[in-house]
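Each remark here refers to the structure printed beneath this line.
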Amino acid sequence: MAINSIGWLQSPGFRKSYFTLLGLIAMLLVIFPFLWIVLSSLRGVDDFFSLELSNALPQALDLTSYKLALGRSQLVRWTANSLFIATGTTLLSLSVSAPAAFAIARLRFKGRRAGAVILISSYAIPSIMLAIPVFVLLTTLRLNNSYFALILLHATFTIPFTTWVLQDFYHSIPADLEEAGYIDGASLRQVLWRIILPLSVPGLLAAGAYAFILSWTEFLFAFLLVQSNDAFTAPVGVHAFFTGRNATESVMAQLMAASVVVSLPSVVIFGYFQRYLVSGFLTGAVKG
Amino acid sequence: MASISLSHITKSFGRRKVIAVNDVTLEIPSDHFVVLLGPSGCGKSTTLRMIAGLEKPDQGEIRINDRVVNDVPPQRRNLPFVFQNYALYPHMSVANNIGFPLKMQGVSRTEIQRRVAGVGQTLGLGELLERYPAQLSGGERQRVALGRAIIRDPDAFLLDEPLSNLDAQLRGDMRLELAQLQKRLRATFIFVTHDQVEAMTLADKIAIMRDGVLHQYANPDEIYHQPADRFVAGFIGSPMMNFIEGKLEREGLNAVLKTSDLSLTLGPIVDIPVSQGQDVVLGIRPEHFLISPEGNNKLMVEIVETLGSQTFVYGNLTERQRLSIEVDPALRAAAGDCFKFEVNPKFLHFFSTETGQRIAIHS
């Protein structure tokens, strides 16, 4: 009887609900800050700092903060800037890492292994360490305050990762297909362009979405390099809300609204491409 | 069409230099159907890949029509290669798969369409041209892979176990089609397989390999009836050739094979002029025994295999010596039967106990 009485602990139903509950808690932890931002942005300004549970959900949909945020700042312009930079970073990353990953995955040359290790270990360097040298370098080259510099800089962070994802993806494509291409008279470039890349669309989408989001959310270098108000990226623009203002309830509410507006593009991109992200990152892992 | 010759080709892989192909020399005459045969890991596929240019030999020379091609990349060898898993491009339609080599040659679009239609008709793919590889059956994929090879009007065809992914029925059909295709195209075919039936039925000449070494290169008849060594003798033929290790001796007018617990009468010394006491490995194929009441040797049947047109019986001649014999199906052999048998002296094979090489003893 004693054993039977704890039998329910091992029942599939209990285990399922247990894991579901754990999943929900994890999800809530991750999503709570963002949820709070969205809710605060929709609340009336007067209730902004209230911690009353009854005030948690907005009583009525109040879009004043959005109107104020959009009216007072160049939020649309900053979002457009970010869109331009993130798109540029994505295109640059993919056009460099697609062939580079092919070389690492399939070609045999001296230094291939060392190159691949150096590429991935560049992640071990905290970006704050690079901040001053990069600032000095780009200022000397008169490239500060330019989108081009920012795209270049963002690409240096995204390329190692996108290269890694893509080379992993290429490994899942049978070598026979590539060899069939050579046999059929295709050059190395034609094999990459006509056979490997069309088969790597999920990998390219995953790597591209990652590069886009990383560039979109990057703050440190955008903050250091871009000085004119017009050229701000979205995260820098949102930060600028505070500059020269008191943190009144109204300003805070506008900040929340601005944050929501600025997050939307990357949320949309992530939402659309998330199935590729998962498949792209897992292909290499499960092929074995 | 092309003749291909390999001269002392050696290839090893990896840091440990594992030898895949060891000093192989092979002349493949123009318009011949040559099969590279052997167990897995014998180096046959590596040899084919070196001919295609997908691997580079460490030593030796590969010639196509007397031109050394060691440094010629696969793109410029004009040798189509049919892969075991067909390697069709999944994102291209059947028509685009077949036309791909022409596209790479810069042939005009209308000309490609015309030739693809022609090849499609030859291979019975007419209605499938707009489909994608994932929508095709194994046999259809196989045809598309062949189509991609044929369309180039090549010097020779290289095929790496192209039938091994098909089911038995289809494999038989495709085997016939391949044989017809080769006759029609009058082209050189080099075909890799581990299946002796494919080799025996398709080949003008068979090259048998093991552990990277070429054991014999001859026509199927010679391979079967005059195997160069014990490995070839055992690899070709099913059930396998019987091997009995012993001493050849004279007993009266007969030649006899003696082991510690067996004395097997082989036949009159007129046919088998033995020198006294020679150590040999005797090889006899199952069909070269003669069941007869006057036979000098006896076998107790343990297992009977009935295949319809053929019946094989298996039994122990002595404790250590198993034997398989083909018998007349009309005998209706059953386990427990005891047969007296003779061996046919004309079809005995002798191999060296040390090297396994064939020894000529027959007069």
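The values are calculated or read from the model by the stated rules, or taken from the named source; none is laboratory data. Here the structure is a predicted model, which is why all the values come from computation and not from measurement. Glycine gets a Cβ as well: all are built from the backbone with ideal geometry, and neighbour counts include every protein chain shown.
Exactly one residue out of B:Ala87, B:Ala117, B:Ala95 is aliphatic (A, V, I, L, M) and in contact (Cβ under 8 Å) with a residue 40 or more places away in the chain, and it is B:Ala87.
The criterion of being farther than 30 Å from B:Phe13 by Cβ, surrounded by 11 or more Cβ atoms within 10 Å (Cβ to Cβ) and of a type outside the set (Lys, Arg) does not hold for A:Leu57.
Please work out which residue is farthest from the chain's Cα centre (by Cα), limiting yourself to region B:76-91 and to residues that are over 15 Å from A:Ile173 (Cβ atoms) and surrounded by fewer than 20 Cβ atoms within 10 Å (Cβ to Cβ). Looking at residues that are over 15 Å from A:Ile173 (Cβ atoms) and surrounded by fewer than 20 Cβ atoms within 10 Å (Cβ to Cβ), I get B:Arg76. A single entry from B:Glu198, B:Glu130 fulfils the requirement of being assigned by TED's automatic domain parsing to the domain that holds B:Leu48, of a type in the set (Asp, Glu) and more than 30 Å from B:Gln357 (Cα to Cα): B:Glu130. Of all the numbered requirements in (1) at pLDDT below 85; (2) crowded, with 16+ Cβ neighbours inside 10 Å, A:Phe242 misses one, and that requirement is (2).
Inspection of region A:132-142 identifies no residue that is under 30 Å from A:Arg275 (Cα atoms) and in a helix (DSSP H, G or I). Residues that are touching a residue at least 40 places away in the same chain (Cβ under 8 Å), surrounded by fewer than 20 Cβ atoms within 10 Å (Cβ to Cβ), part of a strand (DSSP E or B) and among the basic types (Lys, Arg) do occur in region B:207-217, at least one of them. B:Phe289 meets each of the listed conditions (1) among the aromatic types (Phe, Trp, Tyr); (2) farther than 29 Å from B:Asp221 by Cα; (3) out of contact with any Gly (no Cβ under 8 Å at 6 or more places or on another chain) apart from (2). Considering region B:224-254, the residues that are part of a helix (DSSP H, G or I) and among the aromatic types (Phe, Trp, Tyr) include one that is surrounded by the most Cβ atoms within 10 Å (Cβ to Cβ), namely B:Phe235. Among all positions in region B:126-138, there is at least one residue which is part of a loop (DSSP other than H, G, I, E, B), acidic (Asp, Glu) and either in contact with a helix residue (DSSP H, G or I) (Cβ under 6 Å, 6 or more places away or on another chain) or surrounded by fewer than 21 Cβ atoms within 10 Å (Cβ to Cβ) (or both).
Output the helices (runs of 4 or more DSSP H) that fall wholly within region A:180-255 and possess 1 or more residues being away from chain B (no Cβ under 14 Å), of a type in the set (Lys, Arg) and in contact (Cβ under 8 Å) with a residue 60 or more places away in the chain, or say none. Filter on region A:180-255 gives an empty set.
Checking each residue in region B:150-169 for being of a type in the set (A, V, I, L, M, F, W, C) and part of a loop (DSSP other than H, G, I, E, B) picks out B:Ile151, B:Leu163, B:Leu166.
Checking each residue in region A:161-176 for being buried (at least 19 other Cβ atoms within 10 Å of the Cβ), of a type outside the set (D, E, K, R) and assigned to a helix (DSSP H, G or I) picks out A:Phe161, A:Thr162, A:Thr163, A:Trp164, A:Val165, A:Leu166, A:Gln167, A:Phe169, A:Tyr170. Only residues that are within 13 Å of chain A (Cβ to nearest Cβ), polar (S, T, N, Q) and over 20 Å from A:Leu177 (Cβ atoms) were counted in region B:121-176, giving 0.
One residue is enough: does region B:166-175 have a residue meeting the conditions in the same structural domain as B:Ser12 (by TED's automatic domain parsing) and either buried (at least 22 other Cβ atoms within 10 Å of the Cβ) or in contact with a Cys (Cβ under 6 Å, 6 or more places away or on another chain) (or both)?
Within region B:166-175, the first condition is being in the same structural domain as B:Ser12 (by TED's automatic domain parsing), and the residues that meet it are B:166-175.
Going one step further and asking which of them are either buried (at least 22 other Cβ atoms within 10 Å of the Cβ) or in contact with a Cys (Cβ under 6 Å, 6 or more places away or on another chain) (or both), we end up with none.
No, there is no match, as no residue in region B:166-175 is in the same structural domain as B:Ser12 (by TED's automatic domain parsing) and either buried (at least 22 other Cβ atoms within 10 Å of the Cβ) or in contact with a Cys (Cβ under 6 Å, 6 or more places away or on another chain) (or both).
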